[in-house]
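Here's the structure we're looking at; comments come further down.
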Amino acid sequence: MADPAGHILVVGASSGIGRAVAEHFAGQASVTALARRADKLAELTDAGIATVAADVTDLAAIGGVLQAAVAERGLLTGLVYCAGVQIIKPLRSLGVDEVARLYTTNLVAPTLFAAAFGNARISTRDAVFCAVSSVAAQRPEPAIVPYAASKAGLDALIRGLARELAPRRAVGVAPGWLDTEMTQAHARLYGDAFKAALEKRSPAGAATVEAVVDAIAFLMSPQARHVTGEILRVDGGATL
């Protein structure tokens, strides 16, 4: 069973969950943090984390990025896919480029990362692939329908990978709303009233980035060695 010690690639590590995951594992494993924002990566480099500047929408480059990371730091024992795009708009207002970017980032790219990850020249036999999904995959709402659909596809990908890539494991986490850079970009929607209502309807309290990172760490640990194909909901019970 894979231990966090080893080489973990974190995709989408510039902010939010991805950055927190990279920082969490940095003390116990060799971490490669991948993101497209060089300024944010510089902060991780200063913290002693190896970084790679790359855009996940450059699909043809994914295989080479993984090969280079493995050549530099050894076979992967884990890959955490945290990159994601959320566009909040009615369907009628969405442009072709927006839809393409959303599905490419949220579903096509993780599919290609997973395909490369399953190669014996890229990862160990007991490695773990983990992806960040969303509760929206099971509860799509107006204005985020393509986002929800992309995450539903990601859930299906995780379950399929668990069978096809075995003995490697494939798992996921499905957060509810989190206070991250992505949601802060929609401050008018997610104001104080929204946060208060969320807290009220969450039996265990509104989830945090730290809670999601803890769930990822568990799923990738030896304690979860018999857990595969599962997507763990982390939302404080808000969607019950």
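The values are calculated or read from the model by the stated rules, or taken from the named source; none is laboratory data. This one's a predicted model, so the numbers in the text were calculated from it and none came from an experiment. FYI the Cβ positions are ideal-geometry reconstructions off the backbone, even for glycines, and counts take in every protein chain you see.
Can you name every residue in segment 152-170 that is assigned to a helix (DSSP H, G or I) and either among the basic types (Lys, Arg) or within 23 Å of residue 140 (Cβ to Cβ) (or both)?
152, 153, 154, 155, 156, 157, 158, 159, 160, 161, 163
Filter segment 65-85 down to the residues that are closer than 14 Å to residue 105 by Cα and not in a strand (DSSP E or B), then identify the one that is nearest to the chain's Cα centre (by Cα).
82
Specify the residue that is farthest from residue 177 (Cα to Cα); the eligible residues are those in segment 1-53 that are assigned to a loop (DSSP other than H, G, I, E, B) and charged (D, E, K, R).
So the residue we want is 3.
With within 25 Å of residue 168 (Cα to Cα) and touching a helix residue (DSSP H, G or I) at 6+ places or on another chain (Cβ under 6 Å) as the only criterion, which of 53, 13, 29, 69 stands out?
13
Just one of (1) within 20 Å of residue 8 (Cα to Cα); (2) at pLDDT 95 or above; (3) surrounded by 15 or more Cβ atoms within 10 Å (Cβ to Cβ) trips up residue 225, so point out which.
Failing condition for residue 225: (3).
Determine which single condition residue 48 fails, assuming it passes every other condition in (1) modelled with pLDDT under 95; (2) in contact with a strand residue (DSSP E or B) (Cβ under 8 Å, 6 or more places away or on another chain); (3) on the phi > 0 side of the Ramachandran plot.
The failed condition is (2).
Could you please find all residues in segment 38-60 being under 20 Å from residue 110 (Cβ atoms) and exposed (fewer than 13 other Cβ atoms within 10 Å of the Cβ)?
Listed by number, the list holds a single entry, 60.
Condition first: hydrophobic (A, V, I, L, M, F, W, C), over 15 Å from residue 175 (Cα atoms) and part of a helix (DSSP H, G or I). Now tell me which residues in segment 106-151 satisfy that.
If the condition is that a residue be hydrophobic (A, V, I, L, M, F, W, C), over 15 Å from residue 175 (Cα atoms) and part of a helix (DSSP H, G or I), then 107, 108, 109, 112, 113, 114, 115, 116, 117, 145, 149 are the ones that fit.
Exactly one of these conditions fails for residue 91: (1) over 25 Å from residue 20 (Cα atoms); (2) surrounded by 17 or more Cβ atoms within 10 Å (Cβ to Cβ). Give me its number.
(2)
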